[in-house]
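Below is one structure, written out as structure tokens; comments come after it.
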Amino acid sequence: MYIIVGLGNPGEEYENNRHNVGWIVLDFILGKKNGKNIEWHEVPKKAKTFFYKDSVAKKSVEYLKPLTFMNKSGSAVLSSKEKNKVSLEHIIVIHDDIDLPLGKIKLSFNRSSGGHNGLNSIIKSLKSQEFLRIRIGIAPVTPSGKIKKPKGEEAVLKFLLGNFKKDELEKIKKLSKKVAEALEIILSDGREKAMSVCNQ
């Protein structure tokens with residue numbers, strides 16, 4: 001059993017925010033099943049979350065979209081981990097990364113949060129950082145391909161909570177196929193193989 005978590009904030013006003021790219025990617029990956037939109041189920045109470053059970057590479061997975069806002073994502077992840085008796089190494093978190101250019105993904109394992117509030121919450125709840133992350137690049141780039149990050153805490157926050165433009169969402173949609181492929185490799189051939197293939 002694996003848990004695949006997409007990080008984001010609940011509410012229509014955050015729907016297309018750059019910070020919500022974890023949710024956006026999950027929605028693109030899952031799309032429609034048998035011609036119908038999938039039905040997310042909701043866990044109420046403290047660990048509020050949407051979840052959807054499926055399989056990847058013939059292994060059972062539970063997709064999560066925590067509904068507790070980004071900085072309290074950990075409660076939903078911990079609850080799912082305990083409910084499903086999943087090891088830390090079988091937890092995969094998909095999240096935005098302002099240090100990567102838009103349209104790029106990178107897999108990381110056992111790394112610090114890098115200041116990401118969602119990851120901070122998960123690390124605190126799990127009392128460990130030994131889980132896999134699929135980092136989704138959201139940073140703008142110059143025509144030459146150089147990252148052009150906003151400067152200053154206020155500017156960074158404004159950028160994160162700003163919406164993707166239409167062409168940027170198209171890039172994320174294409175990128176979602178790479179994320180789906182990465183998940184297939186992780187679950188079929190293991191983390192190391194996936195990192196060697198995807199981190200190029």
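The values are calculated or read from the model by the stated rules, or taken from the named source; none is laboratory data. Because the structure is predicted, anything quoted here is derived from the model rather than measured. Cβ placement follows ideal geometry from the backbone for every residue including glycine, while neighbour counts extend to all protein chains displayed.
Per-structure values
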{"quantity": "Test: residue in region 38-51 that is over 18 Å from I134 (Cβ atoms) and among the polar types (S, T, N, Q)", "calculated": "yes"}
{"quantity": "Residue, nearest to G6 (Cα to Cα), within region 48-77, restricted to residues that are among the aliphatic types (A, V, I, L, M) and out of contact with any Lys or Arg (no Cβ under 9 Å at 6 or more places or on another chain)", "calculated": "L64"}
{"quantity": "Leading residue by the ranking (surrounded by the fewest Cβ atoms within 10 Å (Cβ to Cβ)) among those in region 83-98 that are closer than 16 Å to L64 by Cα and aliphatic (A, V, I, L, M)", "calculated": "L88"}
{"quantity": "Residues of region 70-88 that turn out to be part of a helix (DSSP H, G or I) and more than 13 Å from I122 (Cβ to Cβ), as a count", "calculated": "3"}
{"quantity": "Breaking point among (1) modelled with pLDDT of 95 or more; (2) farther than 23 Å from G11 by Cβ, for L119", "calculated": "(2)"}
{"quantity": "Of residues in region 118-168 being in contact (Cβ under 8 Å) with a residue 40 or more places away in the chain and among the small types (G, A, S), the one nearest to V93 (Cα to Cα)", "calculated": "G118"}
{"quantity": "Odd one out for E62 among (1) more than 29 Å from A139 (Cβ to Cβ); (2) part of a strand (DSSP E or B); (3) free of Cβ contacts under 8 Å to residues at least 60 places away in the same chain", "calculated": "(3)"}
{"quantity": "Test: residue in region 25-38 that is of a type outside the set (V, I, T), buried (at least 20 other Cβ atoms within 10 Å of the Cβ) and touching a residue at least 60 places away in the same chain (Cβ under 8 Å)", "calculated": "yes"}
{"quantity": "Positions within region 63-93 being within 21 Å of N110 (Cα to Cα) and charged (D, E, K, R), in sequence order", "calculated": "K72, K81, E82, K85, E89"}
